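Read the structure below first, then the notes.
Computed from the coordinates by the stated procedures, all read-outs in this text should not be read as laboratory data. What you see is a predicted model, and the numbers here were worked out from it, not measured in a lab. Here the Cβ is made from the backbone with ideal geometry for all residues, glycine too, and neighbour counts use every protein chain on show.
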2 protein chains.
Amino acid sequence: MSKKILIIVGSEFEDIEVLYPYYRLIEEGYEVTIAAPEDGRITGKHGYSVDAIAFNKVRPEEYVGLVIPGGRGPERIRASAREAAVKIVRHFIETGKPIAAICHGPQLLISAGAVKGLKLTSYPGIADDMIVAGGVWLDQPVVVDKNIVTARVPADIPMWMREFVKLLKKI
Amino acid sequence: MSKKILIIVGSEFEDIEVLYPYYRLIEEGYEVTIAAPEDGRITGKHGYSVDAIAFNKVRPEEYVGLVIPGGRGPERIRASAREAAVKIVRHFIETGKPIAAICHGPQLLISAGAVKGLKLTSYPGIADDMIVAGGVWLDQPVVVDKNIVTARVPADIPMWMREFVKLLKKI
């Protein structure tokens, strides 16, 4: 049986930050599930739609890794399904399973209380928030600190996924 | 020095069919160049823009592989830069270097006279054209025939790129 990976999205996600890891992890042999505040189709900033299951139906213990894409999704999640999303993210923090977050994705690491003392990067416009939350913010394409792989923008995707796949293969 | 891969696009390309191979092949360590009828930024159906060099500046002998994405790009290329594009595609046909084409991308294989006797797939709506051109059209996610890897739609991307990367690693 394939190992399972979870991607969590909110509406107006950055399409390529969802589609790239989705197809890339299938290419690598994983089964990939997308979760969102509600069941059904959900659409990104560029008009791509994906099927998602609701956060409250997710059993995080079934998954070996978590992807948190950017765009407006993370703030939308905070607005409508914060508690359910934080519960999911906390599971991966507490078990040390690999997490990949990019762009605005690290906002959910703040919501989950996971940034204090963490070396990370993010979309530069939210660097101050990461620093105020106690993170060590680095302006580089990808940062790996223990189980957490972060990147800044879509151009960093190749380096971001290369490091995430490496982490997944260690488990 | 990195080996180089060429992606050829026309306007209103299917964004994910350009962005996925672009990032994926960088992830794999290749240097990736995008070429189009003219120099400059070019935009896909979903609004993603990429930098391209003009077909007539491409030296195909510098590249180890060719990617032909779909969307409306291939028909646009036929309308405005057919001769230059065919010259590029013919180079890869004649040298047997790996070619990956998806969706409407195989239209340019027809223009290059490369479909006769070829086992391939494509967007189902152009299957008849492939058959009339002498191709053996198969309704499956990916078809590999010698140096040519074809796929139907974005959902086939993981299988398409998995086979293309395998072919590239053999050279």
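Coordinate range of the alpha-carbon atoms in the protein assembly as shown per principal axis, descending: 59, 36, 33 Å. Computed from backbone phi, the HN-Hα couplings of segment B:56-68 come to 6, 9, 7, 9, x, 5, 6, 10, 8, x, 10, 10, 10 Hz, rounded to whole numbers (Karplus: 6.51 cos²θ - 1.76 cosθ + 1.60, θ = phi - 60°; Gly and Pro given as x). From the alpha carbon centroid of segment B:96-145 to that of segment A:86-155 is 43 Å.
Computed from the alpha carbon positions, the gyration tensor of segment A:4-170 leads to an equivalent ellipsoid with semi-axes of 20, 17, 16 Å, biggest first.
Given +1 at the Cβ of Lys and Arg, -1 at the Cβ of Asp and Glu and no other charges, the dipole of segment B:4-170 around its Cα centre is 380 debye to the nearest 20. Over the residues of the protein assembly as shown, the helix contribution to mean residue ellipticity at 222 nm works out to -11000 deg cm²/dmol, using -39500 (n - 2.57) for each DSSP H run of at least 4. Across chain A, the mean sequence separation of Cα contacts (distance under 8 Å, 6 or more residues apart), normalised by length, yields a relative contact order of 20 percent. The magnitude of the dipole of the protein assembly as shown, with charges of +1 and -1 set on the Cβ of Lys/Arg and Asp/Glu and taken from the Cα centre, is near 720 debye.
At a Förster radius of 30 Å, what calculated FRET efficiency corresponds to the Cβ-Cβ distance of A:ASP51 and B:ALA79, to the nearest 0.05? That pair, A:ASP51 with B:ALA79, gives E of 0.25. Residue order for B:THR33, A:THR43, A:THR150, fewest other beta carbons within 10 angstrom first, comes to A:THR43, B:THR33, A:THR150. Cross-link pairs exceeding 19 Å between alpha carbons, from the set A:LYS166/B:LYS3; B:LYS3/B:LYS87; A:LYS4/A:LYS169: A:LYS166/B:LYS3; B:LYS3/B:LYS87.
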